[in-house]
Amino acid sequence: MIAYVFPGQGAQFVGMGKDLYDNDAQARELFEQANDILGFRITDLMHAGTDEDLRQTKVTQPAIFIHSVLLAKSLGSEFRPDMVAGHSLGEFSALVAAGAMSFADGLKLVSARAQAMQRACELKPSTMAAVLALPDEKVEEICAEVPGVVVCANYNCPGQLVISGEIEAIDAACEKLLAAGAKRALKLKVGGAFHSPCMEPARAELAEAIAATEIHTPVCPVFQNVDALPHTDPAEIKANLIAQLTAPVRWTQTVRNMIAAGATEFVELGPGKVLQGLVAKIDRSVAVSGKQ
């Protein structure tokens with residue numbers, strides 16, 4: 001069984017999607033639709049902008065979403081997923097690719113999400129840190145001991161977690177994690193504490209937009225970040241999307257559950273190869289490939 005997976009923020013690169021725009025009429029039409037929806041020519045920034053352009057949250061998230069969804073559409077009848085999943089932002093790409101949302105509705109939500117997250121970041125200084133070579137349970141234990149807001153945000157693969165929260169709490173947690181034997185506890189260059197309680201203003205803001213969006217039954221199960229379980233019910237999908245902004249991305253658990261459900265091949269659609277690497281670290285017995 002084939003599982004298609006879709007990357008999140010950080011995988012962008014200058015030139016992304018240009019081949020699709022130049023050689024695929026359907027993709028070119030959807031690119032132009034995206035320009036109209038967003039109110040600026042994101043295609044120009046994706047194809048010939050700078051790294052700095054692409055690091056703007058209002059550009060990064062829509063750019064990765066557009067690229068990922070159009071890659072799925074470019075496969076035509078070859079795109080026959082048995083199951084799909086996306087990492088954080090990538091969950092929106094997965095839902096559109098699986099037919100649960102229209103391209104236009106998905107892009108509008110991603111754009112609203114990016115702007116809501118940016119505003120939440122500006123309300124209170126916060127950050128994230130990568131933690132290597134400690135068991136999940138030890139990282140959770142140390143986060144619980146530290147005063148202030150600090151939580152596990154991304155369970156990327158065994159021995160690789162990202163924590164998220166207030167800057168002072170992250171600094172204190174990093175000290176404790178290194179003392180406990182972490183190979184690395186390094187703050188990331190991000191705008192704020194994604195997938196933590198610090199994103200509550202963004203979650204509340206986005207909830208209304210998600211509630212108003214039409215969600216259909218997808219063509220296959222969508223394994224969602226908040227519980228790592230397969231979903232096809234539109235009401236459940238909406239509730240999980242709303243919860244996603246303040247809940248952790250349970251990627252390790254998601255991949256394991258997809259394998260338990262029969263996945264033998266994982267195909268990453270979108271910029272970069274991050275998810276291919278994570279899947280291989282979670283279970284080396286499955287095939288991994290990608291299209292970017």
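Please state which one of Val190, Val222, Val149 is in contact with a Gly (Cβ under 8 Å, 6 or more places away or on another chain) and either within 25 Å of Leu241 (Cα to Cα) or crowded, with 24+ Cβ neighbours inside 10 Å (or both).
Val149
Does Ala179 satisfy the condition of being within 20 Å of Glu141 (Cα to Cα) and buried (at least 18 other Cβ atoms within 10 Å of the Cβ)?
no
When the residues of the range 240-268 are narrowed to those that are hydrophobic (A, V, I, L, M, F, W, C) and part of a helix (DSSP H, G or I), which ends up surrounded by the fewest Cβ atoms within 10 Å (Cβ to Cβ)?
Only one residue tops the list, namely Ala260.
Quick check, is Ser102 of a type in the set (Ser, Thr, Tyr) and modelled with pLDDT under 95?
No: the conditions fail for Ser102.
Any chance the range 121-137 includes a residue that's out of contact with any strand residue (DSSP E or B) (no Cβ under 8 Å at 6 or more places or on another chain) and basic (Lys, Arg)?
no
Which pairs turn up if I take residues in the range 148-169 that are on the phi > 0 side of the Ramachandran plot and look for partners that are part of a strand (DSSP E or B) and surrounded by fewer than 24 Cβ atoms within 10 Å (Cβ to Cβ) with beta carbon separation below 7 Å, at least 6 apart in sequence or on another chain?
Taking only residues 6 or more apart or on different chains, the pairs are Gly148/Glu166; Gly159/Leu132; Gly165/Val151.
Residue check: is Lys291 basic (Lys, Arg), touching a residue at least 60 places away in the same chain (Cβ under 8 Å) and over 20 Å from Val162 (Cβ atoms)?
yes
Among the residues of the range 1-44, write down those that are in contact with a Gly (Cβ under 8 Å, 6 or more places away or on another chain), of a type in the set (A, V, I, L, M) and assigned to a helix (DSSP H, G or I).
Once the filter is applied, which keeps residues that are in contact with a Gly (Cβ under 8 Å, 6 or more places away or on another chain), of a type in the set (A, V, I, L, M) and assigned to a helix (DSSP H, G or I), the range 1-44 yields only Ala27.
Does any residue of the range 82-94 turn out to be over 17 Å from the mean Cα position of the chain (by Cα) and modelled with pLDDT of 95 or more? Break it down stepwise before answering.
In the first step, residues of the range 82-94 are kept if they are over 17 Å from the mean Cα position of the chain (by Cα); the result is 82.
Within this subset, residues satisfying the condition of being modelled with pLDDT of 95 or more are 82.
Yes - at least one qualifying residue is present in the range 82-94.
Sort out for me the helices (runs of 4 or more DSSP H) sitting completely within the range 129-237 that have 3 or more residues that are farther than 28 Å from Val84 by Cβ.
Where helices (runs of 4 or more DSSP H) fall fully within the range 129-237 and carry at least 3 residues being farther than 28 Å from Val84 by Cβ, they are 136-145, 167-179.
Can you name the condition, by its number, that Val150 falls short on among (1) among the aliphatic types (A, V, I, L, M); (2) within 11 Å of Ala129 (Cα to Cα); (3) under 17 Å from the mean Cα position of the chain (by Cα)?
(3)
Inspect all residues belonging to the range 56-77 and state whether any of them is in contact with an Asp or Glu (Cβ under 7 Å, 6 or more places away or on another chain), β-branched (Val, Ile, Thr) and either crowded, with 24+ Cβ neighbours inside 10 Å or more than 23 Å from Ala235 (Cβ to Cβ) (or both).
Yes, the range 56-77 contains at least one residue that is in contact with an Asp or Glu (Cβ under 7 Å, 6 or more places away or on another chain), β-branched (Val, Ile, Thr) and either crowded, with 24+ Cβ neighbours inside 10 Å or more than 23 Å from Ala235 (Cβ to Cβ) (or both).
Table: residues versus (1) farther than 24 Å from Leu134 by Cβ; (2) of a type in the set (D, E, K, R); (3) in the same structural domain as Glu78 (by TED's automatic domain parsing).
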{"site": "Lys176", "(1), (2), (3)": "no, yes, no"}
{"site": "Glu208", "(1), (2), (3)": "yes, yes, yes"}
{"site": "Glu214", "(1), (2), (3)": "yes, yes, yes"}
{"site": "Pro218", "(1), (2), (3)": "yes, no, yes"}
{"site": "Pro221", "(1), (2), (3)": "yes, no, yes"}
{"site": "Met258", "(1), (2), (3)": "yes, no, yes"}
{"site": "Thr264", "(1), (2), (3)": "yes, no, yes"}
{"site": "Val267", "(1), (2), (3)": "yes, no, yes"}
{"site": "Arg284", "(1), (2), (3)": "no, yes, yes"}
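Kindly evaluate Glu52 against the criterion of being modelled with pLDDT under 90, assigned to a helix (DSSP H, G or I) and more than 16 Å from the chain's Cα centre (by Cα). So that I can check it myself, show each step before the final result.
Details: modelled with pLDDT under 90: yes; assigned to a helix (DSSP H, G or I): yes; more than 16 Å from the chain's Cα centre (by Cα): yes.
Against the criterion (modelled with pLDDT under 90, assigned to a helix (DSSP H, G or I) and more than 16 Å from the chain's Cα centre (by Cα)), Glu52 qualifies.
Can you tell me which residues in the range 269-292 are among the basic types (Lys, Arg) and assigned to a helix (DSSP H, G or I)?
Result: Lys281, single match.
Any residue in the range 118-129 that is touching a residue at least 24 places away in the same chain (Cβ under 8 Å), within 18 Å of Ala63 (Cβ to Cβ) and surrounded by fewer than 22 Cβ atoms within 10 Å (Cβ to Cβ)?
Checked the range 118-129: at least one residue is touching a residue at least 24 places away in the same chain (Cβ under 8 Å), within 18 Å of Ala63 (Cβ to Cβ) and surrounded by fewer than 22 Cβ atoms within 10 Å (Cβ to Cβ).
The values are calculated or read from the model by the stated rules, or taken from the named source; none is laboratory data. From a predicted model like this one, the values you see are computed outputs, not experimental measurements. Heads up, the Cβs are rebuilt from the backbone with ideal geometry, glycines too, and the neighbour counts pull from every protein chain shown.
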